[in-house]
Amino acid sequence: MAKRISVKGVVQGVGFRPFIYGLATRLNLHGWVCNTSGGVELLVQGQNSNVDHFIRSIRAEAPSLARFAEVTVFDEPANIEYSGFDIRHSTRIMGAYQPLVPDISICPDCERDLFNPKDRRYLYPFISCPNCGPRFTVIKDIPYDRANTTMADFPMCDRCHAEYRDPLNKRFHTQLITCPDCGPFVELRETHSLFPTSDPRISSIELHVSAILKARRLLREGYIVAIKGLGGFYLACDASNPYTVAGLRDRKGRTDQPFAVMAADVTAIASVCDIQKEEHLLLTSHEKPIVLLTRRKQTGSLTYKVSELVAPNLNTLGVMLPYTPLNHLLLNQTDPVLAREPVPPILVMTSGNFIEEPIATHNNDALERLSPLADAFLLHNRDIHIRLDDSIVRADHGDIICLQRSRGYAPYPIELPFEVKPTLALGGARKNTFCLARDYYAFLSQHIGDMEKTETHESFERGVQHFSYIFRIEPEIIARDLHTDYFTTEYARHAQLEVHSAAIQHHHAHIASCMADNSLSDRQLIGLSFDGHGYGTDGAIWGGELLLASYADFERFAHLEYLPLPDAEAALRSPWRIAVGYADALGVDIDHLPFLQNIDKQVVRIARQQTIKGLNTPVTSSVGCLFEAVASLLGIRNDVTYEGQAVAEMEVLSKAFISIAKSYPYAVDETESEIIIRLKELLSAMIGDVRANASVGMTGARFYKTVAEIAIDICKRARARTNLNEVALSGDAWQNQILLDLVREGLRQEEFIVYFHKHVPTNDGGLALGQAVVANFQTSNHATSGESEGNLLRS
Ligand SMILES: [Zn+2]
Ligand SMILES: [Zn+2]
């Protein structure tokens, strides 16, 4: 008999066609398989039992990276006799689309060949196979074929072509197959800071393995080398060398924000960090994200060292393992050729950019922008089609918390339990990601960055264009934040589209994002959005909210009381301003507290007057602001050089005291219409502890306990009034592991069902997903009720 089979899902770029070929030939079936822009189509012909076996095996034996949305089998009239099994040329189907596979780190097979002196790709940094290699960063169009990637510029040599066509070869049908004879190459260029020559910028060029050896030597000698990665440039240096790390901080303008490191292997990591079993799995997974690990106390006995300057005042370190062949060649400690130039086993690997600018991707751009930062460049001539940062994750009691979702994860879609119209959601101002959605898929973009910087806008616009094109989405709905100052608002206004525009409240979007992330169907639940900043419907800055939320709608049930945020922009960098504003507004005496000693009295006086007059002083219910204020009151830090710094340092100090700390008192104003948490008693009691010289860690821990108690308290009050028993947690504040653990555990003890993010960040990196979903539910509601909502954009 003959069957025609249509397979949809993540089935291209995962070695699916070679797998089908192998399966069909093994079962003695004839026919063909081909990629289309909508998935994979195939036809098999042969004995009935073998065809049945084949169909069962498609799901059961598929390559591990394949994800099926649909496998449909049709009867096929047996009027053509096929004489073998072919992989046919791919076909385009108008409008058809499919999910794309993310970049996949080098597989163990390829790693073995890379270091096998007998292999013709020995030490060749572009080795790949059907199961590994770049995908998302090199794909220009679907279907996934070499011609649609940045490897199209490199015609295969005869030997590569023979391997590509040989079903018995492990590189059979490898789209990115290449070798030293026909493929891209690396080169090393040194900047004038090393060896001045007539060329002001570049002095010498070294190619191939000698380039890698030279880079290893420079790294060992304490130089900073810009290295082209999968999705952009890194700046690399020896993580154990405090002078080099300090130099890198200086050049990059990044004072304290932690750097990530890349380690040669797990043993090297284990010498500087504790690794739990689940963290080991994350580190070695094919996504190879940056994993936040707890640092070991540095003692003389450690084999390797990481300078304190890599992650100042923190007890965690962001660590990743090599994920490309080139990474391996840089860090390998055993290969006899590479060992000629020993290299430090742990390297700082930070994004190749000045602070807050997008990471450089093109060679010329990198040479231009990074010359002041790097002593040398390790370049190659395979183009990066789309910019992609590293993903950052943390293990969470057997689950994974995604803090930045990029390489390895994006652009896998979030599968929705309901259908949506073609939608573009623009995301938030910080940690921006956007989301394009259609049918049952939400394609959340990789991390784009902070939209305050105009340099990021180009990245955003290019990304939106690429996603719309590659997933064939012409938005009918544009969703954006309620806040009208955002670049994204302007973007929505200028979109050359006749679409509905929906403005979505920040914390409603957070809760909807958590619901969609957990595949929840539409219903009302308790949404606990503890967060930094989000524009509220009343014009205030929200961020300590309990919303009774469904996808289409929300009601603000409880929040922290409004307190002044003096000089909001300056307060972002100087949490002491929030501390002073809060204390003054609550009538809590902070005179002579240690944290005020180091601030110019005149500056403090001006800030206080500003608050009294309400000049440039919005009010806020933000939990994030409360944390910042408390960290300052405790004397941890008056000014910050990166977002969340003071709170991260408070977490380090408080951790040890959590199990014994008791909460502070607080008051609740409960009326018919709303519940407001009053903070005067909390701050007074805490300041009492500060005056009594209680330990900072213990005071911080008591504060954590109090915030957790407030969270659980308001959930119970919401349940008492509404009978709702499900709680969704979303917002920046839940990145804080202490708070998350306390609240989640406390709610479970009270028999709530608690949802937390699974695939997307709880910070603003997950916002766009929520916006997309809310906008869809709002527009479909308005369609049935016939009311007009949102503006019809015509420009
Ligand atoms: Zn491989
Ligand atoms: Zn070749």
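Any read-out appearing in this document is the output of simple, stated calculations on the displayed coordinates, not a laboratory observation. Computed from a predicted structure; not experimentally measured. Note that each Cβ is placed from the backbone with ideal geometry, even for glycine, and that neighbours are counted across all protein chains shown.
Relative to the longest principal axis of the Cα atoms of the chain, the long axis of helix 601-613 lies at roughly 90 degrees.
Indicate the gyration tensor shape class of region 249-363 (rounded, prolate or oblate), computed on the Cα atoms with a ≥ b ≥ c the square roots of the eigenvalues: a/c under 1.5 is rounded; otherwise a/b larger than b/c is prolate and the rest oblate. Judged from the Cα gyration tensor, region 249-363 comes out rounded (a/c under 1.5). Of the Cα atoms belonging to region 580-666, the radius of gyration and Dmax stand at 14.2, 42 Å.
Given the Cα-Cα distance of Val668 and Leu586 and 0.36 nm per residue of separation, how much length would full extension add, in nm? Write out the running numbers ahead of the final one.
Numbers: separation 82, 0.36 × 82 = 29.52 nm, distance 1.47 nm.
Gain on extension, Val668 to Leu586, equals 28.0 nm.
Looking at region 320-385, none of the trypsin sites (Lys or Arg not before Pro) sits in a DSSP loop with at most 10 other Cβ atoms within 10 Å of its own Cβ. Modelled spin labels at Gln737 and Arg217, positioned 7 Å past Cα toward Cβ, are 4.2 nm from each other.
Using a 10 Å cut-off around each Cβ, can you sort Ser684, Ser210 from fewest to most neighbouring Cβ atoms? Spell out each step's value before the answer.
On the way: Ser684 16, Ser210 13.
The most exposed by this proxy come first: Ser210, Ser684.
What is the dipole size for region 233-334, taken about its Cα centre, with +1 at each Lys and Arg Cβ and -1 at each Asp and Glu Cβ, in debye to the nearest 20?
Numbers: 10 positive and 9 negative charges, 41 e Å.
It comes to approximately 200 debye.
For a footprinting-style exposure proxy, rank Thr779, Thr722 by other Cβ within 10 Å, fewest first. The partial results should precede the final answer.
Details: Thr779 21, Thr722 14.
Ordered by Cβ neighbours within 10 Å, fewest first: Thr722, Thr779.
Placing a label point 7 Å from the Cα of Arg67 along the Cα-to-Cβ line, the residues of region 513-527 whose backbone N sits under 15 Å from it are 516-520. Extension gain, Asn725-Ile93: 0.36 nm per intervening residue step, less the Cα-Cα distance, totals 222.9 nm.
In the frame of its principal axes, region 277-338 has Cα extents of 36, 26, 21 Å, reported largest first.
With n ≥ 4 as the cut-off for DSSP H runs, can you work out [θ] at 222 nm for the chain, using -39500 (n - 2.57) per run divided by the number of residues, rounded to the nearest 500?
For the chain, the value works out to -9500 deg cm²/dmol.
Taking the fewest neighbouring Cβ atoms within 10 Å as the starting point, the ordered list for Ser780, Ser529 is Ser780, Ser529.
Cross-link reach is defined here as a Cα-Cα straight distance under 13 Å, omitting same-chain residues fewer than 8 places apart; for Lys297 the aspartates and glutamates meeting it are Asp274, Glu308. Here region 518-585 is described by how far its Cα atoms reach on the three principal axes: 43, 21, 17 Å, from widest to narrowest.
The angle between the Cα long axis of helix 737-749 and the longest principal axis of the Cα atoms of the chain comes to about 80 degrees, rounded to the nearest 10. The long axis of helix 208-220 is offset from the longest Cα principal axis of the chain by roughly 20 degrees.
Summarising the label geometry, the points placed 7 Å from Cα in the beta-carbon direction at Arg120 and Glu745 lie 5.9 nm from one another. A cysteine counts as unpartnered when no other cysteine's C-beta lies under 4.7 Å of its own; in the chain this applies to Cys34, Cys110, Cys129, Cys160, Cys179, Cys237, Cys273, Cys402, Cys435, Cys514, Cys625, Cys715. For the chain, what proportion of DSSP beta bridges, expressed in % and rounded to the nearest 5, is antiparallel? The antiparallel proportion sits near 75 percent.
Given a Förster radius of 25 Å and the C-beta distance between Arg112 and Arg26 as r, what FRET efficiency does 1/(1 + (r/R0)^6) yield to the nearest 0.05?
Values: r = 25 Å, r/R0 = 0.99.
The value I calculate is 0.50.
Would you kindly state how much longer the chain becomes between Ala162 and Lys297 on full extension, computed as 0.36 nm times their sequence separation minus their alpha carbon distance, in nm to one decimal? If you can, show how the numbers build up before the last one.
Working: separation 135, 0.36 × 135 = 48.60 nm, distance 5.36 nm.
That works out to 43.2 nm of additional length.
Return the FRET efficiency for the residue pair Asn364, Glu681: r is the Cβ-Cβ distance, R0 is 56 Å, and the value is rounded to the nearest 0.05. Efficiency at R0 = 56 Å is approximately 0.40. Each principal axis of the Cα cloud of region 1-154 was evaluated for its coordinate range; sorted largest first, these ranges are 50, 38, 25 Å.
Its Cα gyration tensor gives the chain an equivalent ellipsoid; the semi-axes, largest first and in whole Å, are 46, 35, 23.
Quick one: compute a quarter of the convex hull surface over the Cα atoms of region 640-731 and quote it in nm². Value for region 640-731: 7.7 nm².
Annotation for Glu419 and Glu490: the two label points, set 7 Å from Cα along the Cα-Cβ direction, are 3.8 nm apart. Rounded to the nearest whole angstrom, the semi-axes of the ellipsoid equivalent to region 438-590, taken from the Cα gyration tensor as √(5λ), stand at 32, 21, 13, largest first. Our note on the geometry: Cα centres of region 476-550 and region 70-106, 39 Å apart. Between the beta carbons of Lys305 and Ser519, assuming R0 = 60 Å, the FRET efficiency works out to 0.85 to the nearest 0.05.
Charge dipole of region 58-111 (Cα centre as origin; +1 on each Lys and Arg Cβ, -1 on each Asp and Glu Cβ, all else neutral): 240 debye, rounded to the nearest 20.
In terms of its C-alpha gyration tensor, region 703-746 has a prolate overall shape, because the principal axis ratio a/c (a ≥ b ≥ c, square roots of the eigenvalues) is not below 1.5 and a/b outweighs b/c. Beyond 27 Å in Cα-Cα separation lie the following of the pairs Lys421/Lys453; Lys228/Lys288; Lys140/Lys288: Lys421/Lys453.
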